[in-house]
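Colleague: Quick one: the structure is below, and I'll ask about it shortly.
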Amino acid sequence: MRIATRSIVIAMAAIAMVGCGKQKSTCSGTDELAVVKSIVMDEAEKAITSGKHDDGSPVFNAASARATLSKFTVAFDNVRTAKVDPNSTKIFCEGTIKIVVPPDLLQSAEEGRKLGNLGTVSALASTNDMEQAANAFSRSIEYSAQPTDDGKKVYAELTNAKSIADFVSEMAGSTLIKPMLEAKKIEAAKAAEAASQAAEAQRLQNEQQQAQLQAEQGAANLGVAQEQNTLANQAINELWKSISEEERTYLIGSQRAWVKKKEIDCKIEAAGRSTDPTEIEIARLNCDTSATRARIDEIRRSL
């Protein structure tokens, strides 16, 4: 996408003569070349200031456009007369126009175009038939010049002015848009950072909530395991009390061995289940409860 475009096939302008009463124009005359320059720069300014934001406000104001364009140097080489109209004072000219861009401005334009994904300055020059030599850009031109009847003004027409004015406006616009794009890039980076921080904060909050829920769940599971283990131990104690002295004497040895084995087995089993202290205790209690219930059944069968 171009920064600004304006259709110009033949552009015309006029300025007051430096010397009054001039009846004939010359291709290399100061006034004539000044008009040709004004055609390019005026049309470039119009192109730059024609860009609008979505709300209708101008992308670039006229003052900043003129200030940037004033840094460009416009020169002419190889100016020559191509044709003279014997029936009028109009002359037809050919030559080379050279646009010299200050190095810092050229660098800014290059950076601005890169930020805006607009291509390189060299590509822009090629598109507009401009030949680049360092920071100077040139191309052949054709123009005509003619003084007014009273010799107080000179008119000039520049053929194919579009590509020259487009090139100048694009160069100036690329320079002007650079700080805007840099600001947008910074804003985008800040927004991305803020979004990243918000996402990280949300992630941490989710983790904290999950950890809290897991802790509550663990506490609940531990409570259940403790209650079931208490009931199992109460049951085996009641069973032990209910049997005769003779039966207790008979079972005491195996009962003590079972208690010792149960404690060791359940500790080993629980340690292999998790590294979380609560989960380890739950596993130990569940193991103890299961073993105790199995021992109750075993004692009852032996009686």
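Colleague: With contacts defined as alpha carbon pairs under 8 Å and 6 or more residues apart, what's the relative contact order of the chain in percent?
Modeller: 20 percent
Colleague: Does a label point 7 Å from the Cα of ASP297, set along Cα-to-beta-carbon, have any residues of the range 255-282 with amide nitrogen under 14 Å, and which are they?
Modeller: The answer is none, because no backbone nitrogen lies closer than 14 Å to the label point.
Colleague: Select from SER244, SER144, SER174 the residue whose mean-square fluctuation is largest in a Gaussian network model of the chain (Cα-Cα springs shorter than 10 Å).
Modeller: Maximum among the listed residues: SER244.
Colleague: Which order do peptides 263-272, 106-115 fall in by mean Cβ count within 10 Å, highest first?
Modeller: Most protected by this proxy first, the peptides run 106-115, 263-272.
Colleague: Can you tell me, using C-alpha contacts under 8 Å and at least 6 residues apart, the relative contact order of the range 116-170 as a whole percent?
Modeller: So the answer I get is 28 percent.
Colleague: Once both labels are modelled 7 Å past Cα along the beta-carbon direction, what's the SER242-GLN226 spacing in nm?
Modeller: Each label point lies 7 Å from its Cα, and together they span 2.8 nm.
Colleague: By how many degrees, 0 to 90 and rounded to 10, does the Cα axis of helix 161-242 deviate from the longest principal axis of the chain?
Modeller: 0 degrees
Colleague: What ratio of Cα Rg to 2.2 N^0.38 Å holds for the range 208-303?
Modeller: 1.30
Colleague: For the range 44-106, take the convex hull of the Cα atoms, compute a quarter of its surface area, and give me that in nm², please.
Modeller: Directional mean of the projected Cα hull area for the range 44-106 stands at 7.1 nm².
Colleague: Quickly work out the ASP55-to-ASN87 label distance, labels modelled 7 Å from Cα along the C-beta direction, and quote it in nm with one decimal.
Modeller: Each label point is offset 7 Å from its Cα along the Cβ direction, giving 5.8 nm.
Colleague: By how many degrees, 0 to 90 and rounded to 10, does the Cα axis of helix 30-49 deviate from the longest principal axis of the chain?
Modeller: 30 degrees
Colleague: Residues in the range 263-297, backbone N under 15 Å from the label point at GLN212 (7 Å along the Cα-to-beta-carbon vector): list them, ranges by number please.
Modeller: Residues passing the 15 Å test: none.
Colleague: Could you state the principal axis extents of the C-alpha atoms in the range 68-159, from the largest down, to the nearest angstrom?
Modeller: Principal axes ranked by extent give 53, 23, 20 Å for the Cα atoms.
Colleague: While we're looking at this one, here's another question. Starting from the 7 Å offset along Cα-to-Cβ, what nm value, one decimal, do you get for the label separation of GLN205 and ILE264?
Modeller: 5.3 nm
Colleague: On to the next question. Only Cα pairs within less than 10 Å get springs; with that Gaussian network setup on the chain, which residue of ASN135, ASN229, ASN160 has the largest fluctuation?
Modeller: Among ASN135, ASN229, ASN160, the largest mean-square fluctuation in the Gaussian network model of the chain belongs to ASN229.
Colleague: Please list, ordered by chain and number, the residues whose modelled amide H lies under 5 Å from the amide H of PHE137; skip anything fewer than 5 residues away on the same chain.
Modeller: Under 5 Å from the amide H of PHE137: ILE99, VAL100, VAL101.
Colleague: Any chance you could check the Cα centroid distance between the range 66-87 and the range 213-243 for me, in angstrom?
Modeller: A separation of 102 Å, based on Cα centres.
Colleague: Just to confirm the filter: which chymotrypsin sites (Phe, Trp or Tyr not before Pro) across the range 239-303 are DSSP coil and have at most 11 other Cβ within 10 angstrom of their Cβ?
Modeller: none
Colleague: Of the listed values [x] 44; [y] 21; [z] 56, identify the label whose number matches percent of Cα pairs over 34 Å apart calculated from this model.
Modeller: Matching entry in [x] 44; [y] 21; [z] 56: [z].
Colleague: Among LYS83, LYS52, LYS260, determine the one that fluctuates most according to a GNM of the chain built with springs between C-alpha atoms less than 10 Å apart.
Modeller: LYS260
Colleague: Would you pull out the residues with amide H under 5 Å of GLU142's amide H, same chain only if 5 or more places away, H placed 1.01 Å from N?
Modeller: Here the answer is THR159, since their amide H atoms fall under 5 Å of that of GLU142.
Colleague: Helix 277-302 versus the longest principal axis of the chain: what angle, 0 to 90°, nearest 10, using Cα atoms?
Modeller: 30 degrees
Throughout, read-outs are computed from the coordinates displayed, never taken from laboratory work. Note that the structure is a prediction, hence the values are computed from the model and not measured. Neighbour counts are summed over all protein chains in view; Cβ atoms, including those assigned to glycine, are modelled from backbone coordinates with ideal geometry.
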